Structures are given as structure tokens and as C-alpha cells.
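The values are calculated or read from the model by the stated rules, or taken from the named source; none is laboratory data. Computed from a prediction, not measured in an experiment: that's the story for all the values here. Quick reminder, even Gly has a Cβ in these numbers, built from the backbone with ideal geometry, and neighbours come from all protein chains shown. Remember, those area values only see protein heavy atoms, side chains included, never the ligands or the DNA or RNA. Shrake-Rupley method; radii C 1.70, N 1.55, O 1.52, S 1.80 Å.
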Amino acid sequence: MKEIFIFGAGASYASASTPLGSELVWNYHADCGHPIPIINGVPDNSRENVRFSNFKKFLPVAAQYYPELKGELFKWENRGESIYHLRPFNKKYYVDELLKMVLENGDTEGIEVIKKLILEHITCSGLNTSNKLYNEFAKQVLKNKPFGSVSIISFNFDCLLHEDFRNEVYFDYLLDFDWIDPNREKIYKKQNSISLIKLHGSLDWGICRNCNQLYLYFFNVQKGFYDQKRCTENCEGMIDPFIVVPYHKYNGKINVLWTKAERELRQAKKITIVGYSFPEYDKMVIDLFKNTLDAHVEIDVVDYHELNSDITCIANSIKEKYRRLFPKLKREIKIYLGGFGEYMNNYNRTTK
């Protein structure tokens, strides 16, 4: 039986406290700040100013595209709490929407600042976390599946789900990279690797601005990793992290994965969706599933509910949404509202 796991931002948030889509970049300072030392009774902001230099560069970029925010954004001084009351943002303020406008405007400096900040936010917020749930998923789920029976489609560009050496779980990104880090080459795409299709790119993928060469780096990408990184080809172009839904020149590279995702979904007999809610604005994703899912596919949805919320009402709402988005589905959709952690705990108990 072909089984596919779908991972959204909620899965990475549960496993390693990485930001959700609505918080990405905007909540960078709150997620990654440290207590400011007090020297002679006065806060010493010098380290903060250096640590968050890209965040400060980001604010005027955002204000160029959202003039209505300009007055608020420029209140930022050192720790930046004064802008947080703007959240939660409307979808139009999400960083992928901002990046799209910056790309269309040909603002290469703005693109670089935003991508660096995305990388910093994700890597710094997940620093020193146990990443327990993804590790358990590799150990308890993937390791015990017959080869070829399971694939993963991810909408996250973090590298939290990566090769697990202890459990001998390896992945294939299904891309033809032009260069692979020697340390990664030893373990990447080993025999019996599991397909990991990352439709929004990945932090460990680099792409040259000039020649579109694709690079695969080691998965522990850290802050500043892409600073001044150059293409090894004659073009000597700058290399950017290949992340967020790519537009324009990147389409040819990423479309290969969408085609492969379509093939995998057509074969699926069971799909488990963790931390992804099919938001209405992700029309490409909705159409992908609508056009590929078999009417009798088994679907499990792993979501999270707040304390004292009406679980029955939430579950019914999710089921109604799936019926509306994918009307040809015939089977009952199973809803698990305890989050990724409870799902893994139950999985461990039922498989022992």
C-alpha cells in the first residue's frame, strides 16, 4: 500500500518551535532574542544591534511595499516590541507574498535581505531544540516501512527532517543537483532512500542567481551560511537559499517536483496530513490534490486544538472543508486533534 505523509508548518512548529507561516520573519526578534545585559544600570543593546542587523534592514524593505505599515515599522528600536501588535497579519503581509512582490520588482537587494532573514529566523528559533517528533517519526514510522511504500511531501523549507544515521533512514529529494557537499554525498540518496518532495524549496538547497546551478549542502545550515557564497562555475554568481515558493526563473527547477508529487499522490492509498490546513490562498496545492486523489483514498488529518475548545465542532469543520475542497472523496476522513506529539505517542503505543 502506498502511503504519503504531508507536512506543513504546524509539524515543524510542534517538533522544534520553528515559526508558522504567519509569524515568519515578522516574529523573528521575539523568537530569537536573548535577555539584554545591564551594564552600570543601563541596557547594553550593542549585541542586539549586531545580531538583528538584517531584521533592521528588512523593515524599510517591507515599508516600500506596505506604505500603511511604515509608521509602525519605523518605531523599531533595538528590541522591536512596538511592532508586534500588528499581528496577526492578513495573508497579504505573509513573507512569501512580500517576496513575490519584491521579485517582480527586480529588487535584488530586498530579495537577499528577506531570504537571509528567513534563514536566520528558522535556524535560530530551532537552535538547541530536541526536534523530538521528527526524530521519533524517522525511528518509529519510516524505518519500519517496506521500501517504496512511503513518500513524504513537505511544504516546509527547514531541514529538521533529515538523514537519521542511528536508524539508517535516508532521503532522496528527487532533484538533479549540480554539486553536492562531500559530507552529504556519502549519505544522500543511498539505496532504499525515501522520497522527500519539498515543494517550497529547502534551506540546504542553494541556487546561483546567474546560471541556476543547484547546490546541495549539509543539512545543518546556520545563520550567515549564505553570506558571500559564490557559484563554483565560471559565472561566480551569488548563491541564495532555494526557499519559499519560487517565482519566475526558478519555475523550471521546482516544477519537476510538482510533477513528481502528482505522480506520488495518484498512487496513494493512504495520506496522513500533519500541520497543514489547505488554506484557500494555496490554490496550486489544492488543485494538485483535487486533480490527483483517488476517490477511495484513506485520509488522516493531524491537527491541534486549544484547551477548552469544542473538539467536535473543530473536527466537523475540518471534515466539511475537505468535502468542499475535494468533493469526489468517498471515505470518512479521520481527524486527530491532539497535535503531532499525541499522534506520535499513539503511534508508538499501537505499534508496540
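Details
- Computed over protein heavy atoms with a 1.4 Å probe, the accessible surface of the chain works out to 48 Å² per residue.
- In this simple spin-label approximation, LYS91 and LEU20 carry label points 7 Å from Cα along the Cα→Cβ vector, and these lie 1.5 nm apart.
- Heavy-atom accessible area with a 1.4 Å probe sorts MET344, MET238, largest first, into MET238, MET344.
- Label positions at LYS270 and LYS229, each projected 7 Å from the Cα along the C-beta direction, are separated by 3.7 nm.
- Estimated FRET transfer efficiency when R0 is 30 angstrom, pair THR292-SER130 (beta carbons, to 0.05): 0.30
- Largest-first principal axis extents, alpha carbons of the chain, Å: 62, 56, 39
- Rounded accessible area of LYS70 (nearest 10 Å², 1.4 Å probe): 110
- Around the amide H of VAL301, modelled in the peptide plane, lie the amide H atoms of ILE273, LYS334, ILE335, TYR336, all under 5 Å away and 5 or more residues distant in sequence or on another chain.
- Helical mean residue ellipticity (222 nm; -39500 (n - 2.57) per DSSP H run of 4+; nearest 500) of the chain: -10500 deg cm²/dmol
- By accessible area, using a 1.4 Å probe on protein heavy atoms only, segment 195-352 has 48% of its surface on carbon and sulfur.
- Remark on LEU214: its backbone amide H falls under 5 Å from those of ASP178, TRP179, a criterion applied only to residues 5 or more positions apart or on other chains, H modelled at 1.01 Å from N.
- Top of ASN167, ASN128, ASN212 by mean-square fluctuation, Gaussian network on the chain, Cα under 10 Å: ASN128
- Within the listed set ASN183, ASN40, ASN220, the Gaussian network model of the chain (springs between alpha-carbon atoms below 10 Å) gives the highest mean-square fluctuation for ASN40.
- Axial C-alpha extent at least 15 Å, average Kyte-Doolittle at least 0.0 - helices from the chain (DSSP): 108-125
- A Förster distance of 45 Å, applied to the separation of the beta-carbon atoms of HIS305 and MET1, puts the FRET efficiency at 0.95.
- A 1.4 Å probe over all protein chains sorts TRP179, TRP205 by accessible area into TRP179, TRP205, starting with the largest.
- A 1.4 Å probe, protein heavy atoms only, puts the accessible area of PHE165 near 100 Å².
- Solvent-accessible surface of protein heavy atoms, probed at 1.4 angstrom with all chains present, puts ASP158, ASP31 in the order ASP31, ASP158, largest first.
- Cβ-Cβ distance of ARG263 and ASN40, R₀ of 51 Å, FRET efficiency by 1/(1 + (r/R0)^6): the value works out to about 0.20.
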